[in-house]
Amino acid sequence: MLEEERKQIDEIDRQLTALFEQRLAVSKKIATVKHQQKMSLTNPTRETEVIQAQTKNLSDQTLAPYLTDWYRSTMLLSKQYQANVIKKLRQ
Ligand SMILES: O=C(O)C(=O)C[C@]1(C(=O)O)C=C[C@@H](O)C=C1
């Protein structure tokens, strides 16, 4: 029971983990630029744009609130990671 579905979830999670790593690698590059240019960590306009653009990519619009939460937490993690990267650059 549920074996097939869990296999599907495992494979999706494997892909998400690889993408998570790629996303944070780009976030690290952005952190370096933000540090050099003394830019603020948070860019609320960009965050809104990301959520709006990705919401448009949904085929099932009833998922929009969940996708919004997902991106909010993804970008929060991204900023926490950037804060750590910048902290190390300052040392
Ligand atoms: O675009 C940026 O400026 C980023 O730092 C990336 C990112 C994100 O993870 O998507 C993170 C923080 C910002 O508030 C907006 C977006």
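The values are calculated or read from the model by the stated rules, or taken from the named source; none is laboratory data. Since this is a predicted model, take the numbers as computed values, not measurements. Positions of Cβ are backbone-derived with ideal geometry, glycine not excepted, and every protein chain shown enters the neighbour counts. Keep in mind that these areas ignore ligands, DNA and RNA; they rest on the heavy atoms of the full protein, side chains included. Shrake-Rupley method; radii C 1.70, N 1.55, O 1.52, S 1.80 Å.
Before moving on, here are some points about what is shown:
- Qualifying residues in region 1-25 (those that are assigned to a helix (DSSP H, G or I) and of a type in the set (A, V, I, L, M)) - the one farthest from N84 (Cα to Cα): I9
- Within region 28-45, being within 18 Å of the chain's Cα centre (by Cα) and among the polar types (S, T, N, Q) holds for T32, S40, T42, N43, T45.
- Filter result for L63 (part of a helix (DSSP H, G or I), more than 13 Å from the ligand (Cβ to nearest atom) and surrounded by 12 or more Cβ atoms within 10 Å (Cβ to Cβ)): yes
- Qualifying residues in region 1-13 (those that are hydrophobic (A, V, I, L, M, F, W, C) and surrounded by 10 or more Cβ atoms within 10 Å (Cβ to Cβ)) - the one farthest from Y71 (Cα to Cα): I9
- Residues that are near the ligand (Cβ under 10 Å from one of its atoms) and more than 15 Å from L19 (Cβ to Cβ), drawn from region 66-79: L76, K79
- Reported count of residues in region 26-55, each being outside any helix (DSSP H, G or I) and more than 8 Å from the ligand (Cβ to nearest atom), is 3.
- The set of residues in region 14-56 being open to solvent by less than 80 Å² (accessible area, probe 1.4 Å) and either within 16 Å of L67 (Cα to Cα) or in contact (Cβ under 8 Å) with a residue 60 or more places away in the chain (or both) consists of L16, E47, T48, V50, I51, A53, Q54, T55.
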